[in-house]
Amino acid sequence: MIEKMKQCKFLLMLLLLFIGRGAYAQNVVDSKNIFTETFDKMKGKGGNDGNFYVLASPFGNLSSGDFDNAGWSHWGGSNGKADKCVRIEMSASLTTPALTNLKGDAFLFFRAAQNRNVATSINLSISGEGSLSEKSVKLEKTFNDYVVLIKDATPETKIKFSCSIGGCFFLDNVKIERAIVLDEATDNAQTLSDNDKLTVNVAFNRPLSPDYWNTVALPFDVQAADMSKIFGEDVKVKAFDRWDAAAQTLFFKDAAAIVAGTPYLVKPSEAVGSLMLTDIKVVADAKTVTSGPVDFHAIFSPTTINASDVFLGTDGMLYRPDTDVEGAANMKGFRAFFSGLTDLTNAKVNIDGTLTSIGSISGNASVEAAKVYTIDGQYVGNSTKGLKKGFYIVGGKKVLL
């Protein structure tokens, strides 16, 4: 028994020695959360007490005991405790501990506000490998929540929050959560497979234009109540209804929501860029909607479509890929295309009640948005919509409108 007590005491001494050399436990509150800092130990004025006009005194009064996590570092004397948050100003900075639980991609969340009505931005930088989607964020005169993507991080990664010479701000609730990145230009198959039916944070890149109908296939649902949050108030969404062989027409119908994996046509009310989405249930399977001989295929990764396949151009007309042009058949991810349309001579598209005839249109083009030029070489946009009748060059081909 005495010998066992000696062994336990020795192991405890080793553990204490290891802790003393800089190892520390970070405040991780759930399986998705990598790091969280509330700053609730801070006892000072400003920020959470509603006071956004606090002078710099007392200066530099931060200590290790003020933080939830060990390992924070700060530079410059003009920083201090506020009311359950921290105050940083006049070129000072605050740096997280090494994020020992982080490997890969994550979202950085934080809450921040201006101090003393000074137009201020938080400057963000990263060390120990990795990159940030934003290098600074502009603050307002009250607290707002911010989110930034961390890419390719390691357990040595640290994030620095710093201030300009004349700036000053309050920082609160720093949190880092794991995320996955889904990009139209990369192969997303493995990422989707690894996270199939899991609820995760998603950095999603599939730009959408408000100027034309975009084919869209999403690996997650968008409920009707959330449509305007992502695509704008007046977004229009169409689902493939049917192929009418007698009328030689593809018909589309209104859709109130988006079902994961299903192909749609979407026209947002404003341009949509990269999205930062939290708590999203991901689905790995891309679906095909069939009507008669026609299939509408959803794709989640870049795909080379066949010469017999058909895609919807930015002008609302149907095209086959130009096999004579290298790369012209390459379609980026999170889009859709048609197969089974053997003859485009009299085929039409009915999206919003009007028929788009394609009888006079060249059947070959690039699957990407083609630039449109007049016959004499003048660039007139990425769509033929609204142009006067006549000949134009679309995707390197002469087209008669």
Open item on the list: List the pairs from Lys138/Lys238; Lys151/Lys229; Lys151/Lys281; Lys45/Lys103; Lys43/Lys135 whose alpha-carbon separation is above 32 Å, in the order I gave them.
Closed with: Lys138/Lys238; Lys45/Lys103
Task: Other-chain or far-sequence residues with amide H under 5 Å of Thr157's (modelled H) - done: Leu99
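Asp49 to Val380: extension gain in nm, 0.36 nm per residue of separation minus the Cα-Cα distance?
Details: separation 331, 0.36 × 331 = 119.16 nm, distance 5.54 nm.
Computed gain between Asp49 and Val380 is 113.6 nm.
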TODO: Between Trp75 and Ile165, with labels modelled 7 Å along Cα→Cβ, what's the label distance in nm to one decimal, could you check?
DONE: 1.7
TODO: Quote to one decimal, in nm, the extra length available between Leu132 and Thr342 on full extension: 0.36 nm per residue of separation minus the C-alpha distance between them.
DONE: 70.9 nm
Task: Cα gyration tensor category, rounded, prolate or oblate, for region 164-211 with a/c compared to 1.5 - done: oblate
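Using a Förster distance of 51 angstrom, determine the FRET efficiency expected from the C-beta separation of Asn117 and Ala189, and round it to 0.05.
Here the calculated transfer efficiency is 0.50.
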TODO: May I ask you to give the solvent-accessible area per residue for region 41-92, in square angstrom, as obtained with a 1.4 angstrom probe?
DONE: 49
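Quote the FRET efficiency, to the nearest 0.05, computed for Asp145 versus Asp285 with a Förster distance R0 of 25 Å and r equal to the Cβ-Cβ distance.
Values: r = 33 Å, r/R0 = 1.32.
With a Förster radius of 25 Å, E is 0.15.
For region 260-302, what does the accessible surface come to per residue with a 1.4 Å probe? Please give it in Å².
On the way: 1770 Å² over 43 residues.
With all protein chains present, region 260-302 gives 41 Å² per residue.
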Open item on the list: Using a 1.4 Å probe on the protein heavy atoms, what percent of the accessible area of region 115-188 belongs to carbon and sulfur?
Closed with: 45
TODO: Using a cut-off of under 12 Å, list every residue of region 277-308 whose amide N is near the label point 7 Å from the Cα of Ser228 along the Cα-to-beta-carbon line.
DONE: none
TODO: Under 1.5 on a/c is rounded, so check that first for region 294-341, then, if it is not, pick prolate when a/b is larger than b/c and oblate when it is not; a ≥ b ≥ c are the square roots of the alpha carbon gyration tensor eigenvalues.
DONE: rounded
Open item on the list: Between Ala307 and Arg242, what is 0.36 nm times their sequence separation minus the Cα-Cα distance? Round to one decimal in nm.
Closed with: 21.1 nm
- [ ] For Lys160, list the aspartates and glutamates whose Cα falls under 19 Å from its own Cα; do not include residues on the same chain fewer than 8 positions away.
- [x] Glu37, Asp66, Asp68, Glu89, Asp105, Glu129, Glu134, Asp145, Asp152, Asp172, Glu177
Task: Farthest toward positive dipole pole in region 159-221 [+1 Lys/Arg, -1 Asp/Glu at C-beta], among Thr215, Phe170, Phe204 - done: Phe170
Open item on the list: Output wanted: per-residue J couplings in Hz (rounded whole) for region 96-104, from phi through Karplus 6.51 cos²θ - 1.76 cosθ + 1.60, θ = phi - 60°, x for Gly and Pro.
Closed with: 5, x, 4, 8, 5, 9, 9, 8, x
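The values are calculated or read from the model by the stated rules, or taken from the named source; none is laboratory data. A quick note: this is a predicted structure, and the numbers were derived from the prediction, not measured. As a convention, Cβ positions derive from the backbone with ideal geometry for all residues, glycine included, and neighbour counts pool all protein chains shown. With ligands, DNA and RNA removed, areas are computed over all heavy atoms of the protein, side chains included. Shrake-Rupley method; radii C 1.70, N 1.55, O 1.52, S 1.80 Å.
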